[in-house]
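The values are calculated or read from the model by the stated rules, or taken from the named source; none is laboratory data. Please read these numbers as outputs of a predicted model, since none were measured by experiment. We place every Cβ from the backbone using ideal geometry, glycine too, and count neighbours over all the protein chains shown. All accessible areas refer to the heavy atoms of the entire protein, side chains included, with ligands and DNA or RNA removed. Shrake-Rupley method; radii C 1.70, N 1.55, O 1.52, S 1.80 Å.
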Amino acid sequence: HLCRDQQGSSFSSNTIYNGLQRGLVIHQTDNVRAEDNVFHHIVGHGLVLEDGVEVGNIMRRNIGFRNLAQENLIVKDGRSQTDDKPSMLWISNPNNFVEYNVCSGSDLSGIWYELETFVTGVSKERPEFEGVNPQVVELGSFVGNEAHSNHGFGFQTYPDGYRPRTQAVFKDYFGWRNRVGVFMHESTNLVVE
């Protein structure tokens with residue numbers, strides 16, 4: 001939490017079950033490895049990048065199923081968080097490595113890139129993050145992720161979309177039995193292959 005560069009740190013091979021407020025939150029921390037974890041029956045989002053400043057983190061080979069809607073929402077920056085519409089992977093900055101994860105059975109999404117044009121939370125008060133716009137940063141990587149049996153979207157960029165300066169390629173996505181497989185809302189310069 002608020003650790004900045006943590007090269008060499010990892011959160012690996014754990015099981016988080018019956019979480020009452022999110023599974024794992026990476027907040028203003030960079031270059032952490034979250035690998036080979038299981039998230040089950042989590043209220044709110046499962047694996048979270050919090051403020052939109054977190055970069056270089058590796059989220060690989062995690063399995064998450066059954067993310068439930070949070071009824072008591074956290075208010076941040078004068079508005080409620082989106083844990084009432086949970087996803088297994090909730091990404092606020094695309095400059096991270098999202099690879100070979102399986103996301104299933106969320107009340108809304110398997111994978112959600114919810115990108116603002118500004119950073120949020122305590123990060124917005126830090127001068128080094130002034131002018132950071134997560135909607136336009138380069139994609140770290142998105143490879144081999146699966147989303148199935150989610151009640152809403154397998155993979156989404158909602159509500160404000162993603163408009164990177166260079167083309168972002170989402171590779172080998174496999175979605176099935178979601179209400180909507182892919183929902184790229186107000187997004188440009190993206191390829192799903």
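Restricting the first residue to region 5-34 and requiring it to be free of Cβ contacts under 8 Å to residues at least 24 places away in the same chain, which pairs with a second residue that is of a type in the set (D, E, K, R) meet a Cβ separation below 8 Å and a spacing of at least six or different chains? As it stands, the answer is none, since no pair meets every condition given. Taking the criterion of being under 17 Å from SER109 (Cβ atoms) and not in a loop (DSSP other than H, G, I, E, B), the only residue of region 1-24 that qualifies is LEU24.
Kindly indicate whether VAL75 is of a type in the set (Val, Ile, Thr), open to solvent by less than 30 Å² (accessible area, probe 1.4 Å) and under 21 Å from GLY121 (Cβ atoms). The answer is no for VAL75.
Tell me yes or no: at least one residue of region 23-33 is out of contact with any helix residue (DSSP H, G or I) (no Cβ under 7 Å at 6 or more places or on another chain), buried (at least 16 other Cβ atoms within 10 Å of the Cβ) and among the basic types (Lys, Arg). Yes: one or more hits. The number of residues in region 122-137 being in contact (Cβ under 8 Å) with a residue 40 or more places away in the chain, crowded, with 17+ Cβ neighbours inside 10 Å and closer than 28 Å to ASN37 by Cα comes to 3.
Which of the residues that make up region 63-80 are without any contact (Cβ under 8 Å) to a residue 12 or more places away in the chain and polar (S, T, N, Q)? ASN72, SER80 - these are the residues of region 63-80 that are without any contact (Cβ under 8 Å) to a residue 12 or more places away in the chain and polar (S, T, N, Q). Among the residues of region 3-27, the ones that are on the phi > 0 side of the Ramachandran plot and touching a strand residue (DSSP E or B) at 6+ places or on another chain (Cβ under 7 Å) come to 3 in all.
So, of the residues in region 138-193 that are closer than 20 Å to THR82 by Cβ and aliphatic (A, V, I, L, M), which turns out to be surrounded by the most Cβ atoms within 10 Å (Cβ to Cβ)? The qualifying residue surrounded by the most Cβ atoms within 10 Å (Cβ to Cβ) is ALA147. Of the residues that make up region 72-81, is at least one closer than 20 Å to LEU115 by Cα and among the acidic types (Asp, Glu)? The answer is yes; a qualifying residue exists.
Evaluated against (1) open to solvent by less than 30 Å² (accessible area, probe 1.4 Å); (2) under 17 Å from ARG177 (Cα atoms); (3) of a type outside the set (Ser, Thr, Tyr), ASP107 falls short on exactly one condition, (1).
For region 92-143, filtered to residues that are farther than 18 Å from THR157 by Cβ and among the hydroxyl-bearing types (Ser, Thr, Tyr), the residue that is modelled with the lowest pLDDT is SER123.
Checking each residue in region 38-55 for being open to solvent by 10 Å² or more (accessible area, probe 1.4 Å) and assigned to a strand (DSSP E or B) picks out VAL38, HIS40, HIS41, VAL43.
Screening ASN67 against (1) within 22 Å of TYR162 (Cα to Cα); (2) open to solvent by less than 10 Å² (accessible area, probe 1.4 Å) leaves a single unmet condition, (1).
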